[in-house]
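Beneath this line is the structure, given in structure tokens, with notes to follow.
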Amino acid sequence: MVEPAQILKGPSLTPALSTLVSLGEQAWLLAQLAPVAKRAKAEAAARKSFPSAELPWEAETSPNSWLDMSDRMEASVLAMLGALWEEVRAIEIVLDEVARKFDGEDPLRPLTRGILNGTRKKLNDLHDCCRRSSPSISKSRTRRR
């Protein structure tokens, strides 16, 4: 499982996550273009990759396919996002209570306040990324589970 600290690193988080989540679906769409006569070659090419490319005409799914791995990754990120957001919000509630006891003075030093604000922004960016990447293709693909 990816650690929360790894999720929150780097300015390229949003594009990288969107790209990873969409890889399985792109392979699925491309495979739909393979004519029946070329399916054997497509299957041979798919068997060489890891994660495996799931092909639309196959009856069985692989737990290590791009589609399933990207689905699991997205679900994991969403779960961690919720948990991290709750933790940040709990910290903010406690800080607000402390500030009220000290006539509204911020109990955090500027550096720490900057870290908390930066974390909140990264969580918002991640939330926006997950909301935008809700896969419309996933809803239309016919997969056997």
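The values are calculated or read from the model by the stated rules, or taken from the named source; none is laboratory data. This one's a predicted model, so the numbers in the text were calculated from it and none came from an experiment. Note that each Cβ is placed from the backbone with ideal geometry, even for glycine, and that neighbours are counted across all protein chains shown.
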- Note on the structure: Selection from the stretch 63-80 of residues exposed (fewer than 15 other Cβ atoms within 10 Å of the Cβ) and not in a helix (DSSP H, G or I) yields 63, 64
- Query: more than 30 Å from residue 119 (Cβ to Cβ), at pLDDT 70 or above and not in a helix (DSSP H, G or I) - does that describe any residue in the stretch 21-28?
  - Reply: no
- Starting from residues that are in contact (Cβ under 8 Å) with a residue 12 or more places away in the chain and either under 30 Å from residue 73 (Cα atoms) or touching a strand residue (DSSP E or B) at 6+ places or on another chain (Cβ under 9 Å) (or both), keep the ones in the stretch 84-110 and report whichever is surrounded by the most Cβ atoms within 10 Å (Cβ to Cβ). 84
- Note on the structure: Of the listed residues (143, 120, 113), the one being of a type outside the set (Ser, Thr, Tyr), surrounded by 11 or more Cβ atoms within 10 Å (Cβ to Cβ) and modelled with pLDDT under 85 is 143
